[in-house]
Amino acid sequence: MNNIMKKISIYIFCLSLILFIYLLNVNAQDSTPSATVSPEDINSKKLIEKVANKVAQERKKDQKAVSGVIKTIKDNLITVSGYEGLESKLFQINVDTSFNQIFTVSTGVKKEIKMSDLKPNDYIIATGPLLDKVILANSVYLDDRYVVKSGTIIEINKTNFTILVMTSDKSEYTVDIESTTKQYLMNIKTLEIEKVGFSKIKEGDMIHFVGILPEGTEPKGKVQITGKKYVVIPQEYFIK
């Protein structure tokens, strides 16, 4: 982390020095109303603008968004495990609590929280420039962990209102259907997506679903999730 802070300090020092020299020239011009703007002043201003634009471009180029499950929290450094496919990848996020704000959005309402409110297995999203494999956080959000999958319905439990789905990677997802779950089905005649009830789906249908993973659950193997939305394509559509 010392290398990161040194790089940032050098950036700030260089920019501050150029700005200081420029301001001295401007003050000198103000004290002599009859003086004209010299080529040196114009060049200094252009140089400042060039350096500022370069810094902004570099910061924008290195911007990265990371989401994943918190593994460890040590001081202001958070280690996160994010998934790309089924491959786990570790990221480190540096949070400066003196100016960074942390929000929770899991309830649908943005609310500010403290660093101490975060804990292992929480799912967070962070954005910021990437330096030396560490993300310098601009923003941090605590959220529910969503999963988006497709598969075939292999079992329907009409008592517990759950759907068992087998995905292409042979993972099994038990999707809990709640009163707030948005349910849709493709009409095979019109190809329109229509709202339906739980009773309209059947085993063998193809389903695309979005759900919330429970805390500490990994998106592989046998997983139980809370369904937020699903779209069913009847198996008859594929039989012609």
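Taken together, the values in this text are just the output of simple stated rules run on the coordinates, not laboratory data. In this text the structure is predicted, and so the values were computed from the model without any measurement. Cβ sites come from the backbone with ideal geometry, for glycine too, and all protein chains shown count toward neighbours.
Assorted remarks:
- Any hit, the stretch 88-106, residues being surrounded by fewer than 15 Cβ atoms within 10 Å (Cβ to Cβ), in contact (Cβ under 8 Å) with a residue 40 or more places away in the chain, more than 17 Å from the chain's Cα centre (by Cα) and within 18 Å of residue 226 (Cβ to Cβ): no
- Answer from 136, 213, 164 - the residue that is touching an Asp or Glu at 6+ places or on another chain (Cβ under 7 Å) and among the hydrophobic types (A, V, I, L, M, F, W, C): 164
- Among the residues here, residue 132 qualifies as among the charged types (D, E, K, R), exposed (fewer than 14 other Cβ atoms within 10 Å of the Cβ) and in contact with a helix residue (DSSP H, G or I) (Cβ under 7 Å, 6 or more places away or on another chain).
- Qualifying positions in the stretch 179-224 - on the phi > 0 side of the Ramachandran plot and touching a strand residue (DSSP E or B) at 6+ places or on another chain (Cβ under 7 Å): 204
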